Amino acid sequence: MQFGMHMAGKVFFGKGQSAKVKDLTEGLGAKRVVLVTDKTMQELGIAERIASYVRQGGALVWIFDEVEPEPSVETTDKAAELARENRCDLVVGLGGGSSMDVAKAVSVLVTNEGSAAKYQGLGLVKNPGVPKIMIPTTAGTGSEVTFTAVLIRKSDGVKGGINDDKLYPDYSLLDPELTVTMPPSVTASTGMDALAHALEAYTSRQASPFSDMFAEEAMVRIGRWIRVATWNGDNMEAREEMMLAAFFGGVALANAGVGACHALAYPLGGMFGVPHGVANALLLPYVVRFNSIAFPEKYARAAELLSGVSYEDWSLYEAAGSCSEVIEEMVLDLELPDTLDKLQVGIKEEHFEEMAKKAMGVSRPMENNPRKMTIDDCVRIYEEAME
Ligand SMILES: [Fe+2]
């Protein structure tokens, strides 16, 4: 056995913890802060609330609210320009994975020249960034505890991550109260993204006892609470449990990586603009069906954790095989699209070859996948998922 373990800086969890940004701003001695967020957070008044905490901490704030659902290199460069021009010494990311990814990238672009595109890859960032604080408002992406910022290059539609230790947030404030604003569809899709992180980390070739512990705790919570959080969004216990699950899923992912589902989901986002969580929720049952015979112990255990049912009397392969069905049921209950056809974004069979090639190019998740996947397997999974 061999493994490392990584954690983001400091994490504070609980209702109202986002107000801590005041003390952190003060403690860091920050004077010029850029707050990276999106239009929804502006409209809800949450961006202004966080900005006022920062001001109370003794700093000036510039709000950049142009982050789009699948953030681009171009948008990131624009945010970085704002931060550079104003010589910002702290970056706050507020929102879902998109805003946090852009914020993480901006923090290193203040201290490293050129476009974000220059740093897409692994370990290409030279200088440490300015400090960064993440405040998630969804429970899913895990971006608040990972070292990745995924950005689309508009020029060729390819999604690429800036992956570098220097992107780990210094502080993450996990305030479940902020997730109450999420509509059911977003609660569902981001929650399923968290499940994809937990399950893919759990079955990854890099899984360790450390990442397994977090993945298991995430799956138990998602299986129990994702439906309640989606359809009874005011239920604070459900919101807390989902936020905790997303955090644990993020830790599992940061330590063991993700697998083929994420790789296959990338072109759906890059080529057709399908939101990350929606793409992963849709593909996960198909990928799990493909994978489960290669690692039956883990998939059987995952089925138990997600359903709360003991499969003790079942054969190992029967139990493992049921994992995809348990997930399918979740997708149906959450009223998320379960076929590529239902996405209605113009995906056709003739696209599968190109999509498969792009998915195979997402090499690290593909290498982590428990069952080796060929380009033909990718096409076959897209075909199965079509209708
Ligand atoms: Fe994800």
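The values are calculated or read from the model by the stated rules, or taken from the named source; none is laboratory data. Quick caveat: nothing in here was measured; it's all calculated off a predicted structure. Counting neighbours? That spans all protein chains shown, and the Cβs are built from the backbone with ideal geometry, glycine included. Accessible surface is based on the protein model in full, side chains and every heavy atom, while ligands, DNA and RNA are left aside. Shrake-Rupley method; radii C 1.70, N 1.55, O 1.52, S 1.80 Å.
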Exercise for the section: Compute the length gained on full extension between Glu367 and Trp62: take 0.36 nm times their separation in residues and subtract their Cα-Cα distance, giving the result in nm to one decimal. Expected result: 105.7 nm
Handout entry: Accessible area of the range 182-386 belonging to carbon and sulfur atoms, whole % at 1.4 Å probe
Key = 50
Exercise for the section: Pairs to check: Lys22/Lys132; Lys78/Lys104; Lys31/Lys154; Lys298/Lys357; Lys126/Lys358; Lys104/Lys342. Give those whose C-alpha atoms are more than 25 Å from each other in this structure. Expected result: Lys31/Lys154; Lys298/Lys357; Lys126/Lys358; Lys104/Lys342
Exercise for the section: Can you work out the accessible area per residue across the chain, with the rest of the protein chains kept in place, probe 1.4 Å, in square angstrom? Expected result: 39
Exercise for the section: Report the net charge of residues surrounding Glu297, where surrounding means a beta-carbon distance below 12 angstrom and charges are Lys +1, Arg +1, Asp -1, Glu -1. Expected result: 0
Handout entry: Degrees separating the helix 276-291 axis from the principal Cα axis of the chain, which is the longest one
Key = 30
Fill in the blank from the handout: With a 1.4 angstrom probe the carbon and sulfur portion of accessible area for the range 10-178, in percent, totals 52
Completion exercise
Given 303-313, 2-12, 266-276, the highest-first ranking by average Cβ count within 10 Å works out to 266-276, 303-313, 2-12
Completion exercise
Expected vector for the range 48-62, Karplus 3J(HN,Hα) from phi with 6.51, -1.76, 1.60 and θ = phi - 60°, integer Hz, x for Gly and Pro, equals 5, 4, 5, 4, 5, 4, 4, 4, 4, x, x, 10, 7, 10, 10
Handout entry: Sum of side-chain charges, Tyr311 neighbourhood, beta-carbon under 10 Å (Lys, Arg +1; Asp, Glu -1)
Key = -3
Practice task
Would you tally the net charge around Glu144, using a Cβ to Cβ cut-off of less than 12 Å, leaving Glu144 out, and scoring K and R as +1, D and E as -1?
Solution key: 0
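Would you mind putting 161-169, 115-123 in packing order, based on average other-beta-carbon counts within 10 Å, highest first?
Ranking, from highest mean packing down: 161-169, 115-123.
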Practice task
Find, among the trypsin sites (Lys or Arg not before Pro) in the range 293-378, those assigned to loop by DSSP (not H, G, I, E, B) with at most 16 other beta-carbon atoms within 10 angstrom.
Solution key: Lys348, Arg371, Lys372
Fill in the blank from the handout: Out of Glu335, Glu350, Glu113, a Gaussian network model of the chain with alpha-carbon springs under 10 Å gives the largest mean-square fluctuation to Glu350
Exercise for the section: Could you let me know the centre-to-centre spacing of the range 194-256 and the range 326-372, using Cα atoms, in angstrom? Expected result: 20
